[in-house]
Amino acid sequence: MSQFLSSFTPRPPDPLLGISAAYKADPRTEKVDLGVGIYKDAAGNTPVLGAVKAAEALILERQTSKAYEGPRGNVGFCAAIEKQVFGAQSEAVSEGRVASFTAPGGCGAIFLAMSLAARVSPEGRVWISTPSWPNHVNVAAAAGREALGYPYADLAAGTVAFEEMMDALRQARPGDIVIFQGPCHNPTGVDLSAEQWAYLGDFCARQMLFPLVDVAYQGFGEGLDEDIAGVRAFLAACPEAMIAYSCSKNFGLYRERTGCFLLQAGSAAAAGAASSHVAEIARAVYSMPPAHGAAIVETILTDDALTAQWKTELEEMRQRMVALRTGLANALNGALKTDAFAPLAGLNGMFSMLPLQGPVTDMLRMQFGIYMPGSGRINIAGLPEEGLDQLAAQMAPFMAHSQATAEG
């Protein structure tokens, strides 16, 4: 009898998904889920946006087929995301130097990027910020790429550690891939300035690096246009780049797995040739992309009324997270009698890092039902609107202990 599978040993469970499962199984009513990165409203629910419901009603009324849409998927969706990323008057788009593909979520778009990069630069290594979204490393490994880290954030100051970051990236070799996160860096909430983005674009071009910009939270930081301004400055300075765009957060389409892979090339001919490789990769992995989520986004972004409704709902989500972030910063400063958490209020997006790691997070979970990963990353949208002072008071002794341990 074959023994192929008997040689396997179980892989460790995904820590974030394990936190979610443990939270659901906890019978306590006084519990807080700060783990998996999904938006939650004041009631703790992840709602379907009104604009999404309206778009789905239109799709149901108009749809006449469930046939495949082709390797690129929904071309109207792709065009709409190109506009979101590059702007309505982009020369790169009008000159045919941009190619785009519907992808199964942001993860699918990142995998297409890693697979294309392997063909462009077979020996290229992948540089990833430290810390970063854990799946960046996983996808790089799945594509057979060696992953290296570069310093990113000064968490105490709430700023990018730009000089340390550049010292590391100057060690990159021509053909290496560098992943930069767009607005609302996961897990720190610390973002690059527009000037830093432009510098990095020029640096990548001069050093002959192949960048991938991961845009997963546009609209969650300072606003739709403000959030993408730095990415556009980068793309203006770097003629060859890849972009992975996710609609999970800003459209609330988590389970629809709606993403877009985009690339910018130095010429229309190069973009066309690269597209043929992306189509070949996609064909081997999933053949044709899913359609429903892309149809929702296309319907919203090509209908003025639905676009306006979506922007209003997106702004409401953003403002709620800004208020929660500020409230937590004030509550922690009050509980610890310090101003050390003032920078927390000025960060962006859904995530931030707290000085709570490892066993300390286990104790918070057991004693108070506060669920968060051992890294100290928290989902700002999971914070309770009422009871931030109580939450801060529960966390404060553990933060003081962690600080004393670090200094000792």
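Points to keep in mind about this one:
- Unit charges at the beta carbon, dipole of the range 237-392: most positive-side option, T361, A273, A342: T361
- Two-decimal ratio, the range 182-266, of alpha-carbon radius of gyration to 2.2 N^0.38 Å: 1.09
- Long pairs among K83/K249; K24/K249; K40/K311; K31/K53; K31/K249, criterion Cα-Cα beyond 27 Å: K31/K53
- Ranking of W133, W310 by solvent-accessible surface, largest first: W133, W310 (1.4 Å probe, protein heavy atoms only, all chains present).
- Distance between the pseudo-spin-label points of D26 and E164 (7 Å out from Cα toward the beta carbon): 3.1 nm.
- Distance between the range 346-369 and the range 78-110 - C-alpha centres, whole angstrom: 36
- Equivalent-ellipsoid semi-axes of the chain, from the Cα gyration tensor, Å, largest first: 34, 26, 23
- Fraction in percent of alpha-carbon pairs per bin - 10 Å, the range 91-186: 15, 41, 34, 11, 0
- The packing ranking, built from the mean of other Cβ atoms within 10 Å per residue, places the peptides 271-281, 188-198 in the order 188-198, 271-281, highest first.
- Only the Cβ atoms of Lys and Arg (+1) and of Asp and Glu (-1) were treated as charged; on that basis the dipole of the chain about its Cα centre amounts to roughly 1060 debye.
- Geometric extent, Cα atoms of the range 194-337 - Rg, Dmax (angstrom): 18.6, 61
- Rg ratio (alpha-carbon, reference 2.2 N^0.38 Å) - the range 231-280: 1.37
- Rounded if a/c under 1.5, otherwise prolate or oblate - the range 7-69, Cα gyration tensor axes: oblate
The values are calculated or read from the model by the stated rules, or taken from the named source; none is laboratory data. None of the values given here were measured: they were computed from a predicted structure. Note that we place each Cβ from the backbone using ideal geometry, even for glycine, and neighbour counts take in every protein chain shown. The protein model used for the area step is the full one, side chains on, heavy atoms only, and it has no ligands, DNA or RNA in it. Shrake-Rupley method; radii C 1.70, N 1.55, O 1.52, S 1.80 Å.
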